[in-house]
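Each remark here refers to the structure printed beneath this line.
Coordinate-derived values only; no laboratory data. Since the model is a prediction, treat every value here as computed from it, not as a measurement. A quick note on method: Cβ atoms are made from the backbone with ideal geometry, for glycine too, and the neighbour counts reach across all protein chains shown.
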Amino acid sequence: MINILGIGHAYPEHSISLDDLKRWGTVEWSGGAVNISTVLPVDYIDQTGNEDPRANRKVVSENQSDLGYRAAVMALGRAGIEPSQLGLVVGGASNPSETCPAEAQRVCGRFGLKIPAYDFSCGTCDLPLQINTFSNWSDDRIPDYVLCIATSTPTQRVNYRSGMERYLFGDAASAVVLSTRNRGKLSVTSSQIRNHLDDADLMELDLYDHARIDFSATCEWMRVKLEEELTFATGAAASGDVILIFNQFLGQMQDELASQRGATSWSNVDQRGYSMSAGPVAVLSERWDEIQSGMNLITLFAGAGLVSGHVVLRGER
Amino acid sequence: MLSILGMGHAHPDTKIDNSFIENLDIGTNEEWILNYIGIETRVSTLPIEYISSTRNEDPLQARSVAKLTPTDLAVQAARQALERSGITAGEIGMVICNTATPNATIPTESQRVARALGCASTVSAYEIMTACPAFALHIDFVNNFNEAALPDYILCVSTATLTQHVNYNERSDTAIWGDGAAAWVVSTKHTGRLELVESFFDADPTRCAAVVVDADKHFHQDGRAVRDFSVRQTVRLIRRLEKIYEIDWEQDVFIGHQANKTMLNQITNNRKIPESNHWHNVTHLGNQAGAGAPAVLSMHWDQIRPDQYIVVAVVGAGLSWGSVLLKAGQL
């Protein structure tokens with residue numbers, strides 16, 4: 001069994017408001033977002049529109065590794081372990097400023113650790129991928145404690161002069177400390193990861209150019225997949241209270257899906273934007289103190305690749 | 001037990017020889033390159049005229065003129081691996097990829113490769129990335145699984161186009177890098193030409209800043225520190241295997257990280273590995289990052305002899321390192 005001992009999150013200091021978005025162009029936006037977390041100074045976006053996505057590195061408040069490190073510190077603190085107790089660090093960055101070394105190696109190195117570390121990512125559904133994988137490893141091959149990091153600063157790749165991407169992407173990092181041998185606040189009841197590569201072109205994060213998303217097709221695809229994942233996950237959840245955490249892409253969609261099921265959902269996409277792999281995990285982290293024994297937390301993922309998945313977590317004593 | 005069923009490799013056809021580098025007039029010459037790096041030619045996805053005229057001063061422009069993408073190379077290598085394995089893309093159940101030079105991070109390189117090959121839409125495809133020691137990491141990663149949880153066939157790919165990140169105005173890295181891809185099909189359910197005896201992977205991320213591929217800028221590394229680390233760590237990896245297994249360098253084979261030939265010579269001299277059993281490709285392809293060592297094995301695929309041990313010891317960015325000990329079955 002996979003146990004989650006600690007979860008952490010980090011958001012950058014800047015925030016784009018709905019008024020900012022209106023100032024930058026026509027806002028026919030009913031998705032719900034009123035604030036978006038970003039590493040970019042708002043006045044920088046005012047002046048440049050981030051037209052050249054390669055020019056913003058010198059103005060960002062933090063880079064992906066800074067956010068990943070902060071999230072990891074929080075996760076380790078909550079797990080009650082020292083960094084030196086980790087045996088493996090894995091992760092990924094959605095838009096790294098350096099494609100080598102691996103993001104996991106950068107964050108791991110900051111802790112002064114000399115342990116295996118490598119990037120292990122499918123784009124936007126990393127947690128179910130990682131949990132599913134570790135669930136299928138021989139137990140003697142998994143260290144006592146594993147740190148999984150997801151860091152994402154897609155606003156660095158957004159063109160703020162046009163496109164739906166302006167209203168969607170936000171920056172964040174998340175981190176999870178997991179173990180198969182040590183119990184934690186959460187245990188994994190079930191997990192699943194599914195690939196749908198035929199539709200992979202709906203979302204692209206180029207290394208140099210602006211991010212691109214086919215918004216309406218992506219929404220349509222995501223709604224279908226989130227519903228499917230929710231059906232799978234609900235069947236696997238134990239009895240007790242159920243909290244839904246969606247992929248933090250579109251608040252309005254999430255509200256509708258939750259409402260259809262008569263379920264409570266936790267969300268922050270309207271205050272933070274869509275931060276890909278980090279999003280749903282960051283929500284869990286923000287509500288960490290509210291997690292109670294017996295609670296079922298169904299975390300749903302659907303995003304780039306295209307990949308969908310879920311992780312059903314149960315609150316433990 | 002994990003087997004390698006087939007391997008493939010792919011390289012671009014632009015050749016950069018040492019006289020070309022000498023004529024760049026950047027403070028190096030053919031003699032120095034051969035003596036200190038041991039590379040005669042390296043291959044690039046960039047047109048030679050482009051390198052000559054621009055020196056690749058703006059690495060962001062390189063992609064627009066490159067004749068092949070990392071994905072193109074990966075797919076070529078993968079096709080050869082599939083053919084040698086005797087399977088189709090549709091039979092692949094998992095694709096894992098390593099690249100330090102993706103053109104896009106979303107979709108991931110593995111997802112792009114899987115689609116281009118014609119794998120099933122539902123194939124599991126994700127990145128396992130550590131740059132240079134990818135061969136060891138991928139084998140070790142797959143070897144961690146319970147056998148029942150794995151699909152019949154797993155495709156592993158490593159691809160890199162580092163020449164697109166080289167500053168051809170500076171001599172430090174100009175003579176080193178080449179572009180290439182390698183692929184290998186593994187299975188725990190079907191036996192192949194090579195059986196895994198053991199795999200190993202480790203890292204020291206406190207030194208990860210020693211080798212950097214910047215997304216927007218030129219490549220940079222602490223050359224001396226990396227070279228010293230590479231030789232020492234490779235020797236350690238080999239010695240560890242020599243202590244445990246009956247490796248006979250008169251018949252068994254060593255493949256190291258294809259960083260440069262003089263470094264490899266230091267290693268083989270230390271371990272008394274005869275040149276005839278030291279397989280390499282760096283002298284005419286350059287350092288192809290994570291593709292180098294597996295490409296060597298692929299290029300020597302038909303030379304593998306029954307019951308032969310093949311020691312692959314790879315080191316590099318991260319800093320990370322690993323080894324794979326393979327035994328050739330009855331062919």
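Extent of the protein assembly as shown along its three principal axes (Cα atoms, max minus min coordinate, largest first): 71, 52, 44 Å.
Between B:265, B:146, B:103, the residue with the greatest mean-square fluctuation in the GNM of chain B (Cα pairs under 10 Å linked by springs) is B:146.
Here the dipole of the range A:46-195 is about 180 debye; that uses its Cα centre as origin and unit charges on the Cβ of Lys and Arg (positive) and Asp and Glu (negative). The Rg/Rh ratio for chain B is 0.95, where Rg is the radius of gyration of the alpha carbons and Rh is the Kirkwood radius. Using all pairs of distinct alpha-carbon atoms, the Kirkwood hydrodynamic radius of the range A:132-188 works out to 14.3 angstrom. Counting only the Cα atoms, the range B:235-300 fills a convex hull of 87 Å³ per residue. Of interest is the spacing of the C-alpha centroids, which for the range B:1-42 and the range A:266-317 amounts to 48 Å.
Of all lysines in the structure, the ones whose alpha carbon falls short of 26 Å from that of residue A:114, not counting any fewer than 8 places away in one chain, are B:243. For the range A:165-271, the set of chymotrypsin sites (Phe, Trp or Tyr not before Pro) satisfying both a DSSP loop assignment and a count of at most 12 other C-beta atoms within 10 Å is empty. Averaged over all directions, how much area does the convex hull of the C-alpha atoms of the range B:284-331 cover when projected, in nm²? With every direction weighted equally, the projected area is 3.7 nm². Using +1 at the C-beta of Lys and Arg and -1 at the C-beta of Asp and Glu, which of B:190, B:205, B:226 has the Cα lying farthest in the positive direction of the dipole of the range B:186-238? Projecting each Cα onto the dipole axis, the largest value belongs to B:190. Here the Gaussian network model covers chain B, with springs between Cα atoms less than 10 Å apart; of B:154, B:21, B:48, B:48 fluctuates the most.
Estimated from helical segments only, the mean residue ellipticity of the protein assembly as shown at 222 nm is -9500 deg cm²/dmol, where each DSSP H run of four or more residues counts as -39500 (n - 2.57). Of the GluC sites (Glu not before Pro) found in the range B:39-70, the ones in coil according to DSSP and having at most 16 other Cβ atoms within 10 Å of their Cβ are B:57.
Taking the charge dipole of chain B about its Cα centre, with +1 at Lys and Arg Cβ atoms and -1 at Asp and Glu Cβ atoms, the residue from B:244, B:262, B:146 reaching farthest to the positive side is B:146. Quick check for you: which residues of the range B:172-194 have the amide N under 19 Å from the point 7 Å beyond the Cα of residue B:327 toward its beta carbon? Under 19 Å, as judged by backbone N against the label point of residue B:327, lie B:187-194 of the range B:172-194.
Taken along its principal axes, the alpha carbon cloud of the range B:1-142 reaches lengths of 51, 32, 25 Å, longest axis first. A simple charge model with +1 on the Cβ of Lys and Arg, -1 on the Cβ of Asp and Glu and nothing else charged puts the dipole of the range B:49-139 at about 120 debye relative to its Cα centre. Positive-end ranking of B:75, A:94, B:295 along the dipole of the protein assembly as shown, with charges on Cβ about the Cα centre, is headed by B:295. Applying both filters, DSSP loop and at most 15 other Cβ atoms within 10 Å, to the trypsin sites (Lys or Arg not before Pro) of the range A:150-212 gives A:161, A:181, A:183. Along each principal axis, taking the top coordinate minus the bottom one, the Cα set of the range A:67-135 gives 29, 29, 20 Å in descending order. Which whole DSSP H helices in chain A pass both tests: a Cα extent of 15 Å or more along the axis and a mean Kyte-Doolittle value no lower than -0.5? Going by DSSP H runs, the hits are A:64-79, A:215-236. If a spin label sat at a point 7 angstrom from the Cα of residue A:58 along the line to its beta carbon, the backbone N atoms of the range B:195-225 nearer than 16 Å would be those of B:216-218.
Exposed loop sites here mean trypsin sites (Lys or Arg not before Pro) with a DSSP loop assignment and at most 16 other beta-carbon atoms within 10 Å; chain B contains its longest site-free run at B:68-188. Label zone (residue B:13, point 7 Å along Cα-to-C-beta; backbone nitrogen cut-off 18 Å) within the range B:151-181: B:179-181. The share of alpha-carbon pairs in the range A:1-158 lying farther apart than 23 Å comes to 45%. Looking at chain A, the pairs of alpha carbons with a distance over 35 Å make up 14% of the total. Dipole check for chain A: with +1 at the C-beta of Lys and Arg, -1 at the C-beta of Asp and Glu, and the Cα centre as origin, the magnitude is about 840 Debye. Return the FRET efficiency for the residue pair residue A:138, residue B:272: r is the Cβ-Cβ distance, R0 is 35 Å, and the value is rounded to the nearest 0.05. Given R0 = 35 Å and the Cβ-Cβ separation, E is 0.45. Counting 0.36 nm for each residue step from residue B:198 to residue B:170 and taking away their Cα separation leaves a gain of 6.0 nm. Where is the GNM fluctuation largest for chain A (alpha-carbon springs, 10 angstrom cutoff): A:223, A:54, A:261? Result: A:261 has the largest fluctuation of those listed.
The mean sequence separation of alpha-carbon pairs under 8 Å and at least six residues apart, normalised by the residue count of chain A, gives a relative contact order of 26 percent.
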